[in-house]
Amino acid sequence: METGRKNRLSPSILAADFNRLGADIREAEEAGADFLHVDVMDGDFVPSISFGMPVIRSIRRESGMFFDVHLMVREPIRYLAEIADCGADLITVHLEACADVKKTLSAIRELGCQAGLSIKPGTPVSALEEYLPDVDLVLIMSVEPGFGGQKLLPESYERLREARRRIVHSGRGILLEVDGGITLENVSEILAAGADVIVAGSAVFRGNIRENVTAFRNLLRK
């Protein structure tokens, strides 16, 4: 791990109890979570449908956390202005979902948000290379996107190592995020592979949220 990197925890509200969403978010925030990961799914690019702008806007009023919004939607450029207006701090789009990736990333930055780019497990990490000058964060999906509670794909470790090598070679301070199947049991290995932003859903919101966040933070500080 190179000097100066800070590891961050980004709990995914996809695994929260929607009946008490505000309370769950407050618990995670008060326990010290760094980001809040918000998955927006359209039922087209991925098979599931999650939630959209009204939910983001409502939780933004209640939380001061850094909103890490992950758009799993086809042609996300259509929604960027409204997502930014809802209070997103960082907007991540999928390389596979954009007809013009550079135009989409540029539009995110023009709206005053940080720009992230994600790839599915079947997309080569090398596909990210030409876009590294345009991003603040790279998100490696360690499961097929669309559903929570999946097990991490074992090839994800090498994909993270390759992404980290490319980021270091770029000379830019790009964050490397990983999403899917992260638990207290495998997070240390994930960090060792090069990730510095950990998305965790079930491992945070199932059970005692405060204890789960604290346990993650203890491992992220090592």
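Among the listed residues D134, D85, D100, identify the single one that is under 21 Å from G171 (Cβ atoms) and not hydrophobic (A, V, I, L, M, F, W, C).
Residue meeting the stated conditions: D134.
Residues in the range 1-13 that are hydrophobic (A, V, I, L, M, F, W, C) and closer than 19 Å to G207 by Cβ were compared, and the one that is surrounded by the most Cβ atoms within 10 Å (Cβ to Cβ) is L9. Among the residues of the range 152-181, how many are over 20 Å from D134 (Cβ atoms) and in contact with a Gly (Cβ under 8 Å, 6 or more places away or on another chain)? Residues flagged as over 20 Å from D134 (Cβ atoms) and in contact with a Gly (Cβ under 8 Å, 6 or more places away or on another chain) within the range 152-181 amount to 5. Close contacts from the range 50-67, counting a first residue that is under 11 Å from E29 (Cβ atoms) and a second that is aromatic (F, W, Y), with Cβ to Cβ under 6 Å and a gap of 6+ residues or different chains, come to F66/F35.
Mind listing whichever residues of the range 97-118 are open to solvent by less than 60 Å² (accessible area, probe 1.4 Å) and not in a loop (DSSP other than H, G, I, E, B)? Across the range 97-118, the qualifying residues are A97, V101, T104, L105, S106, A107, I108, A115, G116, L117, S118. Residue pairs whose Cβ atoms lie under 7 Å apart, separated by 6 or more positions or on different chains, with the first residue in the range 16-44 and free of Cβ contacts under 8 Å to residues at least 24 places away in the same chain and the second surrounded by fewer than 16 Cβ atoms within 10 Å (Cβ to Cβ), are G43/I49.
Exactly one residue out of A127, A203, A192 is in contact with a helix residue (DSSP H, G or I) (Cβ under 8 Å, 6 or more places away or on another chain), closer than 23 Å to D34 by Cβ and of a type in the set (G, A, S): that is A203.
Restricted to the range 119-144, and to residues that are assigned to a helix (DSSP H, G or I) and of a type in the set (A, V, I, L, M, F, W, C), which residue is farthest from P47 (Cα to Cα)? Steps first, answer last, please.
Filtering the range 119-144 down to residues assigned to a helix (DSSP H, G or I) leaves 125-134.
Narrowing the set further to residues that are of a type in the set (A, V, I, L, M, F, W, C) leaves 125, 127-128, 132.
Details: V125: 23, A127: 23, L128: 24, L132: 28 Å.
This residue is L132.
Listed by position, the helices (runs of 4 or more DSSP H) inside the range 14-96 whose residues that are open to solvent by less than 20 Å² (accessible area, probe 1.4 Å) number at least 3 are 21-30, 80-86.
The values are calculated or read from the model by the stated rules, or taken from the named source; none is laboratory data. Since the structure is predicted, the reported quantities are computational estimates derived from the model, not experimental observations. Using ideal geometry, Cβ is built from the backbone for each residue, glycine included, and neighbour counts are taken over all protein chains shown. Heavy atoms of the whole protein, side chains included, go into the accessibility calculation; ligands, DNA and RNA do not. Shrake-Rupley method; radii C 1.70, N 1.55, O 1.52, S 1.80 Å.
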